[in-house]
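One structure is given here, and the rest of the page talks about it.
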Amino acid sequence: MHPAFSVIAFTTLSGAGYGLLFLLGLAYARAPLPLSREFALVLIGVASALVIAGLSSSVLHLGQPLRAWRALSQWRTSWLSREGVAAIASLIPVAVLAVAVWHGEFGPVARASAVAISALALLTVFCTARIYTSLRAVPAWTDRAVLPAYLMIGLWSGAHIGWALLAPTGIGLGRAPAIAMVVTGLAIGALKLGYWRRLSTGLLPDAGDVTGLGRLGSVRALEAPHTEANYLTREMGFMLARRHRARLRPIALVLLVAVPLACVGWVSWRGPGIGAPLLAAAAALLGAVVERWLFFAEARHVVMAYYGAPAHAP
Amino acid sequence: MTALPPTTARKLGLVIDLDTCVGCHACAVACKQWNEGGSFGPLPDADPYGKEPLGVWFNRVHTYEVDRGAGKAPMAVHFPRSCLHCETPACVTVCPTGASYKRAEDGIVLVDEAKCIGCKLCSWACPYGAREYGQARGVMQKCTLCVDRIYNQSLDEGDRQPACVQACPTRARHFGDLGDPHSAVSRLVADRGGYDLGPDLGFKPVNKYLPPRPRRDGPDLAPAPAEAEEALDPAALPPILRWLDRVLSR
């Protein structure tokens, strides 16, 4: 599949933003963070900015951006529509919490909105992942690792951005969060390795299967319907990533998992600092981009079998 | 509205005969002409008359070679591919705007180009490659089953069928109601063993494909037996025949 910049930017930036919002919601549902109100608003603002930047990039890639509001109408059947509704709805409790933080009032309304932020952040990323896992025409995305990977990578990159932002305030990584980080990082690594292993063994239908001519013999695409590329071969027939996957997969894992985990280990050993969290956040976000690029670019669409794509990934 | 109608009164669709299709692309060209040419102005393609034209075609004709094993001649099968107007199409339910819909009255799957935002998700959801994105219009486009012909009172009754069906010189394309078991197309499907594309995907295509008829097997590939050269001794012939043999052997 063609890895559109806008979709990668949306899923990684918004994923990180919602991950951070989820964690902030969890924190404020228990007690306000021991921060100045200005700094607390910076945290909420950065998370919201990531979300809004992602949403804007996904709207700008549309053929008709001015009609984007229509995408909120079909939540009964469409995961894309549900994602849009959840994404916008999540910004309401964020605004309520921001006002509460500014006035220093942490009553039931603030707590309820903090819970709502966490729930809606989780729901939005869940909807994002379901857009892809529900596409039967792209068998790789129906893999069981896709949904948990989306949720955990969002949480993971959001957590690292939060850690980096909090580092200058002296709020370090506690023992329990550090353990949670290590567990999440290892789980992401395991999910991606399992996904890639199943991707290499999975079979797609070939020309004989999709045309129904396979029952007559072995089928070879003799002549394409057109001499030049068309929308389908450009959008669904993207091959670059599969050629370079042997290099890109380790790069994704090192940036996304290994470097941040090393930073967590370093801080646990040598005490809190600013450099390690910053490096971890940058690596995690960059790694998420590489992982997401591969997620799109590696996946094969069934329609390419009509053009003679083999059952095995080349 | 992207919710699917529970049932449709009719199931209009195409039956495509892979036995008689000769791969002339007339259906594809007629489709392009009806939907994008003529009174609608110049082709809304990128670089339409240049070196690398890029535009939307609702119908694409592939050609396959079927190797039937040793001793049998390989078959060339021409395979027109277009929207199958599925009974439970994923392209409709994934649409976030309601631009994609399936008509309850006849089952035609359409895109409302005034509502489409061009997010392309429907083209990702379709395993048959039926939807193509129109760069110039910024919206998704697809086969309409010539909804603007088949009900068009200003056309002669004989012309009220999809452009591709009318253009086919070998009558490899048939149009009708596949929901009615007594319709001509349904009987054709029953007689010839018409089949669905990708039935395991579960989208229940309405269009059916008729398989190529069985071919005569065996002798096609075996080399024709060479005529045994008869031994002839010209010297033994009478002079006239010897002269004739010499002339004819030149």
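List of remarks:
- Note on segment A:77-97: among residues that are closer than 29 Å to A:Tyr231 by Cα and not hydrophobic (A, V, I, L, M, F, W, C), the one that is surrounded by the fewest Cβ atoms within 10 Å (Cβ to Cβ) is A:Thr77.
- Number of the exception - A:Ala178 against (1) aliphatic (A, V, I, L, M); (2) in a helix (DSSP H, G or I); (3) within 28 Å of A:Val42 (Cα to Cα); (4) open to solvent by 40 Å² or more (accessible area, probe 1.4 Å): (4)
- A Cβ distance below 6 Å, combined with a sequence gap of six or more or placement on separate chains, defines the contacts here; from segment A:113-139, residues that are more than 30 Å from A:Val210 (Cβ to Cβ) reach residues that are open to solvent by less than 30 Å² (accessible area, probe 1.4 Å) and among the β-branched types (Val, Ile, Thr) in the pairs A:Ile117/A:Val94.
- Close pairs from segment A:212-238: first at positive phi, partner among the aromatic types (Phe, Trp, Tyr), Cβ under 6 Å, at least 6 apart: A:Gly212/B:Tyr195
Condition check ((1) of a type in the set (Gly, Ala, Ser); (2) touching a residue at least 12 places away in the same chain (Cβ under 8 Å); (3) open to solvent by 40 Å² or more (accessible area, probe 1.4 Å)) across all residues:
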residue: A:Thr11; (1), (2), (3): no, yes, no
residue: A:Leu26; (1), (2), (3): no, yes, yes
residue: A:Arg37; (1), (2), (3): no, yes, yes
residue: A:Leu41; (1), (2), (3): no, yes, yes
residue: A:Ser48; (1), (2), (3): yes, yes, no
residue: A:Pro65; (1), (2), (3): no, no, yes
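- Qualifying positions in segment B:176-207 - more than 18 Å from B:Asp106 (Cβ to Cβ), open to solvent by 40 Å² or more (accessible area, probe 1.4 Å) and part of a helix (DSSP H, G or I): B:Arg187, B:Leu188, B:Ala190, B:Asp191, B:Arg192, B:Pro199, B:Asp200
- Positions within segment A:43-58 being under 16 Å from A:Phe10 (Cα atoms) and more than 12 Å from chain B (Cβ to nearest Cβ), in sequence order: A:Val46, A:Ala47, A:Ser48, A:Ala49, A:Leu50, A:Val51, A:Ile52, A:Ala53, A:Gly54, A:Leu55, A:Ser56, A:Ser57
- Any hit, segment A:189-209, residues being without any contact (Cβ under 8 Å) to a residue 12 or more places away in the chain, in contact with a strand residue (DSSP E or B) (Cβ under 7 Å, 6 or more places away or on another chain) and under 19 Å from B:Tyr133 (Cβ atoms): no
- Residues of segment A:227-266 satisfying the condition of being open to solvent by less than 60 Å² (accessible area, probe 1.4 Å) and in a loop (DSSP other than H, G, I, E, B): A:Ala229, A:Asn230, A:Met236, A:Gly237, A:Phe238
- Hey, B:Glu87 under 20 Å from the mean Cα position of the chain (by Cα), assigned to a loop (DSSP other than H, G, I, E, B) and surrounded by fewer than 22 Cβ atoms within 10 Å (Cβ to Cβ) or not: yes
- If you go through segment B:152-175 and keep only what is assigned to a helix (DSSP H, G or I), more than 17 Å from B:Ser186 (Cβ to Cβ) and open to solvent by less than 80 Å² (accessible area, probe 1.4 Å), you end up with B:Gly158, B:Asp159, B:Ala163, B:Cys164, B:Gln166, B:Ala167.
- Here B:Ala28 passes the criteria (1) at the interface with chain A (Cβ under 10 Å from one of its Cβ atoms); (2) without any contact (Cβ under 8 Å) to a residue 40 or more places away in the chain; (3) in a helix (DSSP H, G or I) except the one numbered (2).
- Test set (1) in a loop (DSSP other than H, G, I, E, B); (2) within 19 Å of B:Ala28 (Cα to Cα) - B:Gly69 fails condition number: (2)
- The residue of segment A:59-82 that is farthest from the other protein chains (Cβ to nearest Cβ), among those that are closer than 16 Å to A:Thr124 by Cβ and not in a helix (DSSP H, G or I), is A:Trp75.
The values are calculated or read from the model by the stated rules, or taken from the named source; none is laboratory data. A quick note: this is a predicted structure, and the numbers were derived from the prediction, not measured. Reconstructed Cβ throughout: ideal geometry from the backbone, glycine too, with neighbour counts over all protein chains shown. Areas reflect the complete protein model, heavy atoms only, side chains present, ligands, DNA and RNA absent. Shrake-Rupley method; radii C 1.70, N 1.55, O 1.52, S 1.80 Å.
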